[in-house]
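Okay, here's the structure, questions in a sec.
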């Protein structure tokens, strides 16, 4: 983390609810990394992720991400996410909601804090709604719709958004004894046959620096490069599907 960003990071950490430390691995290094970390792909959970935006990505430009997710053998969920945010500037009524949370995503070279309004859905609900052409607003709660309306470009409604995706994701969890904490490996499979492999772990804001140092040492010991250029899963997915939509 560049020294000139550390002060801002500390300010955000004091107010955020959680931290997720992330690292994306270049495609050429993905297979060796999976082998070095002892990840068994057959144990990965299948996920299907849909994004909703305009073909011109008006929401993304405004800092909003609207998403629905299906999870193998589990329920489904939706989220309306805003980033970047300063937690201290968010209304207290939002922060009191059980469905609302703030999280710092930290990766080599930078960080961003986001605010999310989430909702759980029963299995099959997302597929059912999209297949039937139901209005998108029916997938989101009253709180989510209000959060969207507060931050979306003026005049743009949930029902006007295009469906971008889905994209398939493989998610594997493992717990290295050296770390004593859960690590997640996600592979995002894009239709053009490119992939993003992301390694991540979550922690409290108070332990972020200690966990980051432990993670860095763990990955370094296994030959995983933590200095490569970082990719953004969501942005790449949005750009890919929006381009096809246009």
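The values are calculated or read from the model by the stated rules, or taken from the named source; none is laboratory data. The structure presented is a predicted model; accordingly, all values stated were derived computationally and were not measured. Ideal geometry is used to build each Cβ from the backbone, glycine not excepted, and the neighbour counts take in all protein chains shown.
Quick check on my filter: what residues within the range 109-146 are surrounded by fewer than 18 Cβ atoms within 10 Å (Cβ to Cβ), part of a loop (DSSP other than H, G, I, E, B) and in contact (Cβ under 8 Å) with a residue 24 or more places away in the chain?
Passing the criteria: 109, 122, 123, 124, 135, 141.
Please go through the range 1-38 and pick out each residue that is surrounded by fewer than 20 Cβ atoms within 10 Å (Cβ to Cβ), more than 19 Å from residue 83 (Cβ to Cβ) and in contact (Cβ under 8 Å) with a residue 24 or more places away in the chain.
2, 26, 27, 29, 30, 32, 34, 36, 37, 38
Same structure again: Which residue is surrounded by the most Cβ atoms within 10 Å (Cβ to Cβ), if the candidates are limited to the range 85-107 and must be in contact with a helix residue (DSSP H, G or I) (Cβ under 9 Å, 6 or more places away or on another chain) and within 24 Å of residue 199 (Cβ to Cβ)?
Selected residue: 106.
Still on this structure, please answer the following. Say we look at the range 167-197 and pick out the residues that are out of contact with any helix residue (DSSP H, G or I) (no Cβ under 9 Å at 6 or more places or on another chain) and surrounded by 12 or more Cβ atoms within 10 Å (Cβ to Cβ); which of these is nearest to residue 214 (Cα to Cα)?
182
Tell me which residues, restricted to the range 86-142, are touching a strand residue (DSSP E or B) at 6+ places or on another chain (Cβ under 7 Å) and closer than 30 Å to residue 225 by Cα.
102, 103, 104, 105, 106, 107, 108, 111, 112, 113, 114, 115, listed by residue number.
Are any residues in the range 198-225 closer than 25 Å to residue 18 by Cβ and either exposed (fewer than 14 other Cβ atoms within 10 Å of the Cβ) or within 13 Å of the chain's Cα centre (by Cα) (or both), and if so, which ones?
If the condition is that a residue be closer than 25 Å to residue 18 by Cβ and either exposed (fewer than 14 other Cβ atoms within 10 Å of the Cβ) or within 13 Å of the chain's Cα centre (by Cα) (or both), then 198, 199, 200, 201, 202, 204, 206, 207, 210, 213, 217, 220 are the ones that fit.
In the range 201-218, what residues are over 13 Å from residue 105 (Cα atoms) and in contact with a strand residue (DSSP E or B) (Cβ under 7 Å, 6 or more places away or on another chain)?
Once the filter is applied, which keeps residues that are over 13 Å from residue 105 (Cα atoms) and in contact with a strand residue (DSSP E or B) (Cβ under 7 Å, 6 or more places away or on another chain), the range 201-218 yields 211, 215.
Failed condition for residue 62, given (1) modelled with pLDDT of 95 or more; (2) under 22 Å from residue 168 (Cα atoms), with all others met?
Here residue 62 meets the rest and fails (2).
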